[in-house]
1. Is region 69-162 rounded, prolate or oblate when judged by the Cα gyration tensor, a ≥ b ≥ c being the square roots of its eigenvalues, rounded requiring a/c under 1.5 and prolate requiring a/b larger than b/c?
2. Classify region 208-357 as rounded, prolate or oblate from the Cα gyration tensor: take a ≥ b ≥ c as the square roots of its eigenvalues, call it rounded if a/c is under 1.5, otherwise prolate when a/b beats b/c and oblate if not.
3. Could you please put Glu465, Glu82 in sequence from largest to smallest accessible area, using a 1.4 Å probe?
4. Output the peptides 166-174, 519-527 sorted from most to least packed, where packing is the average of other Cβ atoms within 10 Å over each peptide's residues.
5. Of all DSSP beta bridges in the chain, what percent run antiparallel (nearest 5)?
6. Suppose accessible area is computed on protein heavy atoms with a 1.4 Å probe; arrange Glu539, Glu244, Glu50, Glu394 from highest to lowest.
7. Output wanted: per-residue J couplings in Hz (rounded whole) for region 277-283, from phi through Karplus 6.51 cos²θ - 1.76 cosθ + 1.60, θ = phi - 60°, x for Gly and Pro.
8. Please list, ordered by chain and number, the residues whose modelled amide H lies under 5 Å from the amide H of Cys250; skip anything fewer than 5 residues away on the same chain.
Amino acid sequence: MRVHWVPSFVLVVSTLIGCAASRPVERQPEEAPQHRFPPREALLELATEEVSDVPPRIKRVMVDRWELAGPFPDKVATLPREAANRWEELLAVQAKAKPGVLLATEDMHCVARESGRFYLAHGGWPTEDLEDFIHGRCGAAAYDVGTSWFTGEVPENVSDDELFRQWRPQLEKMLAELPAGGNQAAGVWYGRKKGQVVFIAATSLRRVLLEGVSQIPDASGNVRIRGELLVSTERMGALVNQGEFGFGRCEADPAIKLPRFSVTCTPAKTDTMAWLSIAVFPPGRFLGDGVVRVLLFPSGEAQKVYQRRPLEGQPAALTANGVDNVKAFLGLVNQVRQRAGIAPLHLEGRQSEVAGRVAPHYFRALSGNAPTMVADTIAMGMQAGWDVEGAVLEGTFGSAWVGSTEDLRLLLTRVLEMPQGRAALLDERSRALAVGLVSNSASGGVGTVYSTYAFVDEQEFSRAEKQLIGRLNKARTQKGAASALWGEAPPGANARIAQMLGKGQEKPAAALRYLLEETQKSLNRPLQGWVMETSSLDELTFPEPMLSASPVHVVVSIAHYHPRGEPWSRYVVMFVVSDEPEGQMAALSR
């Protein structure tokens, strides 16, 4: 499953504009960074290209229960593994030849062992959710764990010694061709049962060094993850599952600067298992890529038995009617949102039509049958929501695939397994869904690409103004300053500002100058103003001068701004501030 994360942003685009009785003194505002979304035409061009089918997937076997063998590591960490037999010596030779590039590790050996055991028992590979459980229980924290294998039917009278001699050249070649690039961790395992033999190698790209993470929370119910990123990034974010459908955002220690990090996550104490995920946002990119996922056991007992837990309800098999399939998936999502006490999503039909046409291209790119940039273009194009009706504030993107089934209920179960999927489909702010579905006629698998969208809610502006003043006064009180006096914007000013910004005719700095001038006409006194852009009014912070000890009188105006050529709108919050004696503010106070 691949989910791109979208953080809320808060951007001060004009540090300060002063306005006295004479002509306003202006400072040039900073330009808001562009999200670098691909143009609408890039997505439509892909949508017009026909793809006969997505690449076939490996044979997966669905089971209701499976017990792992162990042993398992005590903590999630990268621990080197010494070769325990001649099969593992084959990997050790490759690792010695590639110092700093390939490392044999305990977690990858565990993944190879547990995957191989399942293959020998069932003649196929575990389903995606069981595969995740194996990775998590083995302490493999990387997102991109892959496997390569060599299998065959061997008579019982052929000894392991003879088999090793016969297979050695092919196994050495397989290990020499393990995924290249970056810092790879690897592990191998050999096993045989009733004439079946398997040699399996598990690999992962090491993009972070963890300092030994406990999978069981501490006495206060928290899990702290410390480490160092091995990839370049501007910022990171972390989420954790909470309860049946909930999720929570983890807190980063602001005193620790990237590439080092320390985050604290709090799962629900009653959960038997919960996933924790960390994503990074490379410089210049708005999409986040998962780098760490850890399986936690909040109730205090580490599990080694997998049990399939699909969503409640009847199976929802694909039909020949694509529109009906999309509506069925939306219905399943809204059933979950209803159970979670969240308002339903509505379907964005035009964007869903595009999603359905680009979905095969996306999964072809993920499987290596098309350039990786195709997947990025689709992800960001869907997230942009060029064909979505309304003033989009932010969008999400995610994808998932389940093999050996065409049950949409199991597909949604897969999406909601990880906190990113929950954050996309079950966020209270999301109001619309665009979804594309694709199946594989050979393997019977089904996949989805989906996006949800939050919209500007102008009816919330008045409530938000009151909350902002309340938060401002709380922050001033914490600094020992008196509460600020809240003033009305001049008559007609908010309507004019909405007209200036709503269609991108003017930039936020121009709207702030207008508000300063109109306020000055009523007061005829020195004023200061700040303008901020944000996707979340709840996460807005205040400029330090507004928290000073001197008496402050504040006029607040909230609007939304849709920059030309961009798919998303933004909230624009303007503060006009005076620290003159209180009596002179009486005309504007409320």
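The values are calculated or read from the model by the stated rules, or taken from the named source; none is laboratory data. As the structure is a prediction and not an experimental result, all values here were calculated from the model. As a convention, Cβ positions derive from the backbone with ideal geometry for all residues, glycine included, and neighbour counts pool all protein chains shown. What goes into the accessible areas is simple: the full protein's heavy atoms, side chains included, and nothing from ligands, DNA or RNA. Shrake-Rupley method; radii C 1.70, N 1.55, O 1.52, S 1.80 Å.
1. Details: a/c = 1.92, a/b = 1.12, b/c = 1.71.
Oblate is the answer for region 69-162, as a/c is 1.5 or above yet b/c matches or exceeds a/b.
2. Working: a/c = 2.47, a/b = 1.46, b/c = 1.70.
Note, shape of region 208-357 comes out oblate.
3. Values: Glu465 20, Glu82 155 Å².
Correct descending sequence by accessible area is Glu82, Glu465.
4. Numbers: 166-174: 13.9, 519-527: 16.9.
Top to bottom by mean Cβ count within 10 Å: 519-527, 166-174.
5. 90 percent
6. Values: Glu539 90, Glu244 115, Glu50 170, Glu394 20 Å².
Heavy-atom accessible area, descending, gives Glu50, Glu244, Glu539, Glu394.
7. 10, 10, 10, 10, 10, x, x
8. Here Ala238, Leu239, Val240 satisfy the definition.
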